[in-house]
Every structure is written in structure tokens, then in C-alpha cells.
Amino acid sequence: MRLGSGAFAASCVAIEVLGVAIFLRGFFPAPVRSSSRTEHRAEPPAPEPAAGARSNWTKLPPPLFNKVVIVLIDALRDDFVFGSKGVKYMPYTSYLVEKGASHSFVAEAKPPTVTMPRIKERETLSPSLLVLCGDHGMSETGSHGASSTEEVSTPLILISSSFERRPGDIRHPKRVQQTDLAATLAIGLGLPIPKDSVGSLLFPVVEGKPVREQLRFLHLNTVQLSKLLQENMPSYEKDPGFEQFKMAERLHGNWVKLHLEENRSDVLFSLGTKVLRQYLGALKTLSLSLSTQVAQYDIYSMAVGTVVVLEVLTLLLLSTPQALCRGADLEVPLRSPVFSLLFYLVFLVLSAIHVIVCTSATSSCYLCSIPWLVAGGLMVLVSALLCAIVSTLTRTVIESTLLRKNAALPSSRWSEMDLLLMLGTAGHVLSLGASSFVEEEHQTWYFLVNTLCLALSQEACRSCFPGDDSKPQHSVHMLQDSAVYRAPILHRAGHTSPSSEALGGHARWAILASPWLVLACCRLLRSLNQTGVQGAHRPDLGLWLTSSDHKVELSGLAALSLLVIFLLVQRGCSLVSRAALALGLLGVFCYRAAIGNVLFPWQPGDKGFSKGIIEARFVYVFVLGILFTGTKDLLKSQVIAADFKIKTVGLWEIYSGLVLLAALLLRPHNLPVLAFSLLIQTVMTKFIWKPLRHDAAEITVMHYWFGQAFFYFQGNSNNIATIDISAGFVGLDTYMEIPATFLTVFGTYVGPVLWASHLAHFLSSEASSRACFCYALICSVPVATYLILVTSLRYHLFIWSVFSPKLLYEGMHLLITAALCALFTAADQNSRAGPIQRWTLEMGGS
């Protein structure tokens, strides 16, 4: 089966997306849910146990409280209420805790922070209940989200006149779980306990009630937890909590029988005490088992997802020599009869493993819950990828042996730029194993981009002032007809790069100054948005611009940035698209003025503001128009194989439409980021990539580096909290999930998307397939490595606060890469001409 290298890379990335999705499904805890979903009617409560006797208590107990008022304070740490700080800052609350009618607890919040449930209010004559609590704590520096003691410990105070407090009764707060509040409030309000609740009743709330009511409350709670355990754990009968529950239920029945017989002896009292202890022990064990189930990793799904991603990465690495050939197709041996026996053997082994895992699993597994036909298809995919790897490896070894026997072949060597790009990329991948490097990943990309600029400066000096012993630094390594040769890269117009002697004085100095100009731009952008953990609190230029006192300066900077964006983008657009771009950028400023971010010179500062719905939709019309025009030209170029000009214009107009959309979604103080991005692309294209004759692989890696750097220049980080969700509501008057998700994702990944789109246009005439392959490979390496690192670090202290958000970012980045690879593949001609033929066609048309 023959595929172009671009189509092959796009297919590989699509399979990787599937593997990462399976890994994410196994990595992130699946919520424990009840299978019964009775929306319109509530299930009848479990009857009171009665050993041989007939109990008349088959309904829910009456509510303990008339109403509940919940006071939820964000980031309220336990020592802010209990202890010396509480006495100083919350004296009345401290008095209620120490001497009032209240019960106090230290509720532990499980990372990541959960949201408190909403409660619905039944009016009776019972007293009211005031609940004072926090959703999570905070560290000493004021942050939260991790799993330190200060961040997970929150106060939980229940205040009601129904609670009895004897004089001198000193109570120390007990440690409980936040999830216990749902069950407690449900029982207190006379409501059924939520089916999905994993919490247990806070017993001090009901300890003043008669024993029969206490036992009834505990029985309802244990029945609910035992049903939840049965529906989520295959071997629930062996669980210690379930065994305790059955024992407590039998003892409870005996107690009810004695109680109904009006037996008031000491036997009834001692048995009741024993049943209470048994229920409380069962509740604690059942709640712990279900909480462990929630926090348990699905290792089987994680392993299968990792294997799929690693297989695809291995196949990409083995196909690299052949894929980087100019215009070469790849032979994908998916139907080779030589390895049919291996395929079936692997499939049978995987099927046996699947059966063993699913029949012996003590906890729920996602792959075991899907239909067997779907699971079988996944095993076929894994087996086929393994066979393709073996076949590709065999062919590579044979070809390498033949090439080594040919002594006339010149030996290929790595240039200094090749080594820098390879070592820099590898260093970044290895740095992902440290939490500090993940938190401060922007520093890694800033360092790599700055180093790249210095290396380009040195390279420019060598090219502009060559010595006698200078040798060409850049050439394309190609394999064709089992022979290796070196050839200079062709420009997008088909011409070879001019030599240094042909460069004029102005051009030579422009080449020398370009890396330093790019370096200066990157340094200015670093001051615009502080990100990461260590420097997020530091003042930056963006904070200064967004203050209400500097709205005039922000307006001027935004207008200047939009003007620069138009001047840099319009040069490659058609006349119609150029007009649409100008009107669209004007609409962007009008939108920001309508919502009050910027001001027109004639606009008063105290003017009322709107949501800017009309202005934003006005811009969307031009975005869609430009994208439609570019797509039309791109499809037209697929029909006329020799017309490369139409394809180039089409790709640039698609790129222009994305730039206009980015200008609309980015906040006004980030418009300079977009302007500098376009400026750097223009400078690199005109004065570095063309004159210095970089090959497609190097240009692809540089685009990837700058795309990642601009992701952080924009103010993003590996923390979910830095996502600008306001981009998902631009032009929308109501929440619509699909458009809001698309706009939020695009607004977050503006940097990588625009740099990859620029790459597709820059290499559109000769190397789009190779660029697609290189881009897919360089995006796949960190994803595959990070899956292994996250698996090995799954019990790390910062797994939820640092590593898991980064995992989500990597997964979304891979999904975007799949879409970008589809763009690369669309940019490739259906009928690919050879390099000489393509050069001749372009020369004839110029």
C-alpha cells in the first residue's frame, strides 16, 4: 500500500490521537456512578431490617432541619477558623466552634478540587442549619490546586439550635472527607441520598436522636454505598466493607425485633451500641473503597494507549529516510503475506490478554466495558502496526546493508544547525520529567529560541563573509533509487539560492541584522506577559496596559498592531481578500471598543458598553469569506496540477483568514504578539531561510520552536487556570458548546496554528509532504515520551497539579497537529511532479 509521506504522517497522527484518547480515559479517574437513572420518580427507600418481625418503618425519616444555608468561602483554610488565627480574624465563629451549638470538622478536599453540591430547601417546623465551609485551602504563597496539607484542609462547621452542647464540653475538630457533606445534608433534609455520593453520614449530627432513628439513618447510608459498590466493582462481595454491612444489617434486624417486642433490657442497649459501631465501620470502609475506586488508574487502558502511540512513533522514525525523499511515496506493508502469520499470532495473544484482564479485573476497566467488536478492532490495529514496524525495520536493514557496500557513496554529515535543532528538541523532551521544568516550560522555549537566533547570526556571518575553506552548510539529503546524493534546496519559486557574492551590500547587511532583530522582538515579548509559577506574580507590560488608567495607551498600541498586521498579511492576498481583511481588522477594533477594552479618539470614556455581538459577527463574516476564497483556490489547484500560483495564493488566504480570527479572539494587549509573530515570519522568510538555504526539515523544526515560544508569549502556561475562556464567547449571546470549544481552543493555540499554517504556505510548492512528515514526527516525540513519564510518575505529589494539566495540553496539541497535517496533505498536489519538472513548470509560468 503506497501513500505519500504527508498522507502517511496525517494517518499516523490520527492513530496517535486515538491512542492518547484511550490513555486519557484510563489515566483520569472515572467517576463512580449508579446505573439506575430514575429521573421522574424516586426509588422507594430500603425498609428497616427486621429479623422475623414486621417493621412499620418503610419511609424516609422526617427531616432534621427546616432549611440549610451554606456559606462557601473560597480558599478557606482550616487554621483560618480553628486556632489563634480564627480567634483573631473570625471571633464569633470561633466562639460558636468552642461553646456554641455546633459541630466542627476538618474536611479533606481531594485534589483536584471538587465542587460542592447544590441542595434543594423542604419547609417543616424543624430548626435551620448553617453550614460554613471552604471549597479548598491555600498554600503559604496563596496558590491552590496541589495536594499539600494546607491546600486540602478546609473547615466544615455545622451550626444549629438542635445541637446540644453541655457546659465545658470541649470538642476538637475531627478529620472527615468533603464528600461526607452530601450524605449528611440529604439525611438532614429528609431527602434520598444522591445515588453517586461516596460520602458517609457525619454521625455527630444525629447522635442526639433516639437509637432507632440513628440506626435508620446509618442503614440508609450503607445501603446506598453498598449498591454503588455493587455496580462499580465486579468482586464487591469480597470487599470488607460489604461484609461489615451484611453483618450490621443482620444485627440491626435482631435489634429491631427486640425493640418491637418492647424489650428494654440491657441486652437491647448493648446490641444497639454494637450495631452502631458495626454500621460506622462499614460506612468508613465502603466510603474508602469507593474513593479508592475513583482515584484508581485504569492501567490496562493506559498501557494500550501507550503501546499504540509508541508503535506509531516507531513507524515514523523507521520511515524517516524514505519519507524525506523529494516527492517519494511510502510503501506501507499492511497487507504483506510474509507477515500474515505474525499478524494472526499477535492478534491471538492480544485477545487472550484481553480476556484474562477483563475476567480477572477487580475494578472497572474502560476497554472491558466497550463492545467486544470494538475491542477486537483495536487489537487488529495494534497487530497491524506491529507487523508494519517489523516489515519496515527489515527493509531498512537490507537497504542500509546495500548502501554500506557501495564505497562510492559520499558520507553524509550533520551540520551545526542540525545538531542544535536535534539536541534542543531532545533536551526539551527530557526536561518534561521534572515538575519544575513543566511549570516553567516557557523558559525552556525562550532559551531555545534565543540560542537559535545566536546560531543563525553566526551562520549569517559565515555565509556573508565566507573564507577560503568554507563549505556549503546546507544541503538536502535525499534517497532516490537506492542512491544518496546532495542537492541544494529549491525556492518556492523554483530557483536556487543566490551565492554570497551575488548578494548586494544592503541585502548582506539585512541578512546579518535579521537574527538580532528577531532576538530583540522575542525579548520584548517576554516582558509583555509573565507566566509560569515563579514569575506569574511579577508585574508585566500587559498588566500595565490593561489597567483602566492606561486605556488610551492600549488603544493606540492595538490600533498600531492591527495596522502592522494588515501591512504584513495583505501582500499575498487577492484584491477582494485584501479589502475583506482591512474591513475585518477595522471590525476587530470596533468590537473591542464596543465592549470597553479600547477607545476611539472621539469616544468618551464614560460611554456605556455592550457585548459587541454585532461587531464580532461582522468580523466572522469576513473570516469565513477569506477562508472560503482560500479553500476554493486550493481545491482549484488540485484540478489544475501545473498551476502552483493558485495553490500558493489559496494557502496564503487561508492563513490570512486565521490571522484575522486570531486578531478578533486575542485580548487587545496581546495584539502586539500577533504583529511580532507576523514580523518575525516575514524577516525569517526573506532574510534567513531563503538566502541561507535551509532545508525543509530545518525550516519545519524552526517553525515548531517559534510556534511553541509564541504559545507562551501569549501568556499561556501548563496551568489550566491560564486558559482565556472569554475567547469562546466572542460574538455569542448564549452558550453554544461546539463553537465555544472551537474558539477557546483556537484562541489558546494561536501561536502553533499560525506558525504551522505559515509553514504549509512557505513549503507548498516543493516540500509540503516532507514538512508534514517532519512536523508530525517532532510533535509525536514529546507526546509519546510524556505518556511514559506520566505513567511512571502517577503517584508523584504533583501529579494532579502539574503533570496532568500538561498531559491535557499535549493531547489537545496532538489533536490540533492532526488537523494541521490534514492541511499539509491538502496542500500537496494529487499528481505530484518531480523536482526538475516542477522547476520547469514554474520557470515557464514566470
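The values are calculated or read from the model by the stated rules, or taken from the named source; none is laboratory data. Bear in mind the structure is a predicted one, so any value in this text is a computation, not a measurement. All Cβ positions, even for glycine, are placed from backbone atoms using ideal geometry, and neighbour counts span all protein chains on display. Please note that ligands, DNA and RNA were not included when accessible areas were found on the heavy atoms of the full protein model with its side chains. Shrake-Rupley method; radii C 1.70, N 1.55, O 1.52, S 1.80 Å.
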Seminar exercise, completed: Neighbours of ARG667 by Cβ distance under 15 Å: Lys/Arg at +1, Asp/Glu at -1, summed charge -1
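Probe radius 1.4 Å, ligands and nucleic acids ignored: give me the carbon and sulfur share of the accessible area of the stretch 153-280 as a rounded percent.
Numbers: 3190 of 5900 Å².
With neighbouring chains kept in place, the figure for the stretch 153-280 is 54 percent.
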Exercise. When the accessible area of the stretch 737-813 is split by element with a 1.4 Å probe, what percent falls to carbon and sulfur?
Worked result: 73
Exercise. Excluding same-chain residues fewer than 8 positions from LYS636, which lysines have a Cα within less than 22 Å of its Cα?
Worked result: LYS645, LYS647
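Around SER431, under 10 Å between beta carbons, what's the net of Lys plus Arg minus Asp minus Glu among the other residues?
On the way: positive: none; negative: GLU440, GLU441.
Around SER431, the surrounding residues sum to -2.
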Problem set entry | Global size of the stretch 196-322 as Cα Rg and Dmax, reported in angstrom | 23.4, 89
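Which order do PHE600, PHE245 take when ranked by solvent-accessible area (1.4 Å probe, heavy atoms of all protein chains), largest first?
Numbers: PHE600 45, PHE245 10 Å².
Largest accessible area first, the residues go PHE600, PHE245.
With the other protein chains left in place, how much accessible area per residue, in square angstrom, belongs to the stretch 762-805 at a 1.4 angstrom probe?
On the way: 1140 Å² over 44 residues.
Each residue of the stretch 762-805 exposes 26 Å² on average to a 1.4 Å probe.
Skip the ligands, DNA and RNA, and give the accessible area per residue of the stretch 690-756 with a 1.4 Å probe, whole Å². The partial results should precede the final answer.
On the way: 2130 Å² over 67 residues.
Accessible surface, normalised per residue, equals 32 Å².
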For this session: Give the peptides 341-353, 435-447 in descending order of average Cβ contacts within 10 Å, highest first.
Result: 435-447, 341-353
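Would you mind computing the Rg to Rh ratio of the stretch 737-790 from its alpha-carbon coordinates, Kirkwood style for Rh?
Numbers: Rg = 14.3 Å, Rh = 13.1 Å.
When Rh is taken as the Kirkwood radius, the ratio is 1.09.
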Exercise. List the lysines whose alpha-carbon lies under 27 Å from that of LYS59, not counting same-chain residues fewer than 8 positions away?
Worked result: LYS67, LYS120, LYS195, LYS209, LYS227, LYS246, LYS257, LYS274, LYS284
For this session: With N set to the residue count of the stretch 126-265, report its C-alpha Rg divided by 2.2 N^0.38 Å to two decimal places.
Result: 1.26
Exercise. Please state the Cα pair-distance histogram of the stretch 684-747 with 5 angstrom bins from zero: what percent is in each bin?
Worked result: 4, 15, 17, 14, 12, 12, 11, 9, 5, 1, 0
For this session: Calculate the spin-label point distance for VAL380 paired with GLU140, positioning each point 7 Å from the Cα along the beta-carbon direction, and give it in nanometres.
Result: 6.0
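Return one whole number: the accessible area per residue of the stretch 498-606 in Å², for a 1.4 Å probe.
On the way: 5780 Å² over 109 residues.
Per-residue accessible area for the stretch 498-606 comes out at 53 Å².
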Exercise. Mind ordering 371-378, 24-31, 384-391 by average Cβ neighbours within 10 Å, highest first?
Worked result: 384-391, 24-31, 371-378
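Please list 667-674, 733-740, 309-316 highest first by mean number of surrounding beta-carbon atoms within 10 Å per residue. Before the final figure, lay out the partial values.
Values: 667-674: 24.4, 733-740: 10.5, 309-316: 22.2.
Result, highest mean Cβ count within 10 Å first: 667-674, 309-316, 733-740.
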